[in-house]
Amino acid sequence: YLSPQYSYARNTSSADDIETDPATSHTVNLMVGAQQQLGARFGVFAEAGLGWARHSASTPSSSTTSTSWGTRATVGGILFF
């Protein structure tokens, strides 16, 4: 199966009564996976794929943005009830 994933985060903070602009993160993953049922109520799955992330933050005096690519992997169990 294919599992596209997207997440967004926004964080605000203040230091010494100076409010900074919000820091934001965007993450996109595209995973390919397989699932196997091992019994009537239990199964396992595994996913592997490629991910992209971008993080932006700024203060009154500076701004930074970083972008990264990487591999992702997930394994887990499934309980059917």
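With springs connecting C-alpha atoms under 10 Å apart, model the chain as a Gaussian network and identify which of 49, 70, 33 has the largest mean-square fluctuation.
The residue with the greatest mean-square fluctuation here is 70.
Charges at C-beta only: +1 for Lys and Arg, -1 for Asp and Glu. How large is the resulting dipole of the chain about its Cα centre, in Debye rounded to 20?
520
Give a quick list of chymotrypsin sites (Phe, Trp or Tyr not before Pro) in the range 1-80 that DSSP marks as loop, anything other than H, G, I, E or B, with at most 11 other Cβ atoms within 10 Å.
Within the range 1-80, the qualifying chymotrypsin sites (Phe, Trp or Tyr not before Pro) (loop, at most 11 other Cβ atoms within 10 Å) are 1, 80.
Give the residue from 67, 55, 34 lying farthest towards the positive end of the charge dipole for the chain; charges sit on Cβ (+1 for Lys and Arg, -1 for Asp and Glu) and the dipole is referred to the Cα centre.
Value computed over the given set: 34.
Would you mind working out the accessible area per residue for the chain, using a 1.4 Å probe, and quoting it in Å²?
Value returned for the chain: 74 Å² of accessible area per residue.
Please provide three numbers in whole Å: the alpha-carbon extents of the chain along the principal axes, with the largest listed first.
Extents along the principal axes: 58, 26, 13 Å.
The values are calculated or read from the model by the stated rules, or taken from the named source; none is laboratory data. Note that this is a predicted model, so its numbers are computed, not measured. A quick note on method: Cβ atoms are made from the backbone with ideal geometry, for glycine too, and the neighbour counts reach across all protein chains shown. Ligands, DNA and RNA are stripped out before the accessible areas are found, and what is left, the full protein with its side chains, is counted by its heavy atoms. Shrake-Rupley method; radii C 1.70, N 1.55, O 1.52, S 1.80 Å.
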